[in-house]
Amino acid sequence: MLRRVVPLAFLSMGLVSGCTCGAKTAPPPSSSGAAQASASASAPVAVPTDKLDPSVFSAPIAAARVAHQDVIAGLVAAEGVVRVVGMAAGKPAWGADALTGVAWAPDAELHVQPAGDAGVALVWRGTRDGKIARTLVVVGPHGELRGAPVDVGAGFCATGDGLAWIDPHSTGPSRVMARRWSDAAASEVLTVSPDRDPALACGDHAVVVLGDGDDDLTAAAFVPGAPAAKPTVAIRDSDFGDDDEREHDVYTVGDDLGLVRVGSAGAVHLRDIPQGGTPSSWRRLKATIPADDDVVAVDGDADATFVVYTHDADDACPGIGSTAEAVKAIRVDRKTGAESVLDLAPADCDHAPGPFWVAPSAPGGATVGWVERATKLPPKAPPIAGVALRTWTGGAMKARHVDLHADAVSDAGCDASGCSIAALVRPDGADGMSPETIQVVAYP
């Protein structure tokens, strides 16, 4: 299963968010305020559980399922902080203000990933201390800081052994930094040449560094604390003749890398790169993805690979000037090779689907999920009407819909006890300009 990468170069990560900005900008810190922000940046401020108000959050939000509890995070715009809260049995177990001096902006982003021993790695991209920054901070299972916050580049991800990120230099080779959870500081593992676009994919223990060039894609794996292996050519354009690449996507199964390549004419090819092993031969699927269809999510586990895509239904909504999208998926059994084309949802003129995610190892069965945004909004209505879930059970997809009136939704992922999503729920009659409550919903 793919460990999330920020930004995920191959899978849409940021789930929908509306304004819910509360105080749209935090006042610029005074000199004493700046000193306080700097000091607090090196140590989260604990928030007593009896003072944790669940209705103070604004977009963006994020969440992660960690050690049978849900960890939620969100902007508290009125206080200029990113607050992290551990939820146990539906109630706050601990809380901490992980970052201070932050302010709402339309393009602000927040991401949370599990980070070993029930902690989380949090990345905020947005205004901080009056500047645009992308800041990473690791928070322990009770809200304590694990290492100083660091500025990171366009990607980061976490494994059971440690953390990796791309250094934010804008010129020269891109440096990939990593640290084990027990390390106080990070070290450079390898570099990616300036003529390649770097990205990361994390497995259970290994980090795979991807270098996207003009004619090929390379992959080099390492475990935090150990040197990286020599890069392997994962995709070579010349292997496909005149079939130009439309896109490629990656996922991990354990520490093995899975690749999906879609050609210009819709041909779909799959291959695996075992950790420390030789890439498998490319396998062409019988199913194709038409040129006008869009791949929106790819993931897999030991049982199957899922390629989720949308199909424009131009004639589904006559006379109203909109195009509806049907949701489909190709499921490939990794043991038998059997293919299934699944109709996950018909075109719906009242709702627009996406963003999407796949929970291939969900305890109740592999699940495809997506946000449903209303295409016709009454006054003061939030943009999100619900979440659609499709779970593979008994050889077929079982449908479930979660009704939500929300301004933001974040997939929290899964652990052995289940999966969950977090939603920033708008109260009835509110206009989205005031703080709201983060609600956690379990699935499948």
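The values are calculated or read from the model by the stated rules, or taken from the named source; none is laboratory data. Keep in mind the model is a prediction, meaning the values are calculated, not measured. Glycine gets a Cβ as well: all are built from the backbone with ideal geometry, and neighbour counts include every protein chain shown. Surface areas here come from the heavy atoms of the whole protein model, side chains and all, with no ligands, DNA or RNA. Shrake-Rupley method; radii C 1.70, N 1.55, O 1.52, S 1.80 Å.
Which residue is surrounded by the fewest Cβ atoms within 10 Å (Cβ to Cβ), if the candidates are limited to region 363-372 and must be more than 19 Å from the chain's Cα centre (by Cα) and on the phi < 0 side of the Ramachandran plot? The extreme case among them is Pro363. The residues of region 197-218 that are more than 23 Å from Val150 (Cβ to Cβ) and open to solvent by 10 Å² or more (accessible area, probe 1.4 Å), listed by number, are Asp204, Asp212, Gly213, Asp214, Asp215, Asp216, Thr218.
Do you know which of the residues in region 136-151 that are in contact (Cβ under 8 Å) with a residue 60 or more places away in the chain and not in a loop (DSSP other than H, G, I, E, B) is most open to solvent (accessible area, probe 1.4 Å)? Give the derivation first.
So the first thing to find is which residues in region 136-151 are in contact (Cβ under 8 Å) with a residue 60 or more places away in the chain, and the list is 137, 139, 141, 143-145, 148-149.
Pick out the ones that are also not in a loop (DSSP other than H, G, I, E, B) and you get 137, 139, 145.
Numbers: Val137: 1, Val139: 1, Leu145: 45 Å².
Looking at residues that are in contact (Cβ under 8 Å) with a residue 60 or more places away in the chain and not in a loop (DSSP other than H, G, I, E, B), I get Leu145.
Of the strands (runs of 3 or more DSSP E) that lie entirely inside region 36-131, not one contains 3 or more residues that are over 25 Å from Gly153 (Cα atoms) and out of contact with any strand residue (DSSP E or B) (no Cβ under 8 Å at 6 or more places or on another chain).
Looking only at region 335-362, how many residues end up being touching a residue at least 60 places away in the same chain (Cβ under 8 Å) and open to solvent by 30 Å² or more (accessible area, probe 1.4 Å)? So that I can check it myself, show each step before the final result.
Residues of region 335-362 that are touching a residue at least 60 places away in the same chain (Cβ under 8 Å), as a first pass: 354-362.
From the residues that got through so far, the ones that are open to solvent by 30 Å² or more (accessible area, probe 1.4 Å) too are 361.
Result for region 335-362: 1.
Could you go through region 98-120 and let me know if any residue there is open to solvent by 10 Å² or more (accessible area, probe 1.4 Å), out of contact with any Ser or Thr (no Cβ under 7 Å at 6 or more places or on another chain), closer than 19 Å to His142 by Cα and at pLDDT 95 or above. Checked against the condition, which is being open to solvent by 10 Å² or more (accessible area, probe 1.4 Å), out of contact with any Ser or Thr (no Cβ under 7 Å at 6 or more places or on another chain), closer than 19 Å to His142 by Cα and at pLDDT 95 or above, region 98-120 yields at least one hit.
Residues that are part of a strand (DSSP E or B) and closer than 18 Å to Ala297 by Cβ: does region 376-384 have at least one? Before the answer, list the steps.
Let us first name the residues in region 376-384 that are part of a strand (DSSP E or B), namely 384.
Narrowing further to those that are closer than 18 Å to Ala297 by Cβ: 384.
Within region 376-384 (the criterion being part of a strand (DSSP E or B) and closer than 18 Å to Ala297 by Cβ), the answer is yes, since at least one residue qualifies.
Going by the structure shown, is Asp407 within 20 Å of the chain's Cα centre (by Cα), under 29 Å from Cys317 (Cα atoms), crowded, with 21+ Cβ neighbours inside 10 Å and among the acidic types (Asp, Glu)? Judged against the criteria, Asp407 is a match. Residues that are open to solvent by 10 Å² or more (accessible area, probe 1.4 Å) and over 19 Å from Arg146 (Cα atoms) within region 71-92 comprise Ala78, Glu79, Met87, Ala88, Ala89, Gly90, Lys91, Pro92, listed in sequence order.
As a summary of the residue check, Gly140 satisfies the conditions (1) within 21 Å of Val209 (Cα to Cα); (2) touching a Gly at 6+ places or on another chain (Cβ under 8 Å) except for the one numbered (1). Within region 172-184, one or more residues are open to solvent by less than 70 Å² (accessible area, probe 1.4 Å), within 30 Å of Pro60 (Cβ to Cβ) and modelled with pLDDT under 90. Is it true that some residue in region 420-429 is open to solvent by less than 60 Å² (accessible area, probe 1.4 Å), in a strand (DSSP E or B) and closer than 22 Å to Ala326 by Cα? Taking every residue of region 420-429 in turn, none turns out to be open to solvent by less than 60 Å² (accessible area, probe 1.4 Å), in a strand (DSSP E or B) and closer than 22 Å to Ala326 by Cα.
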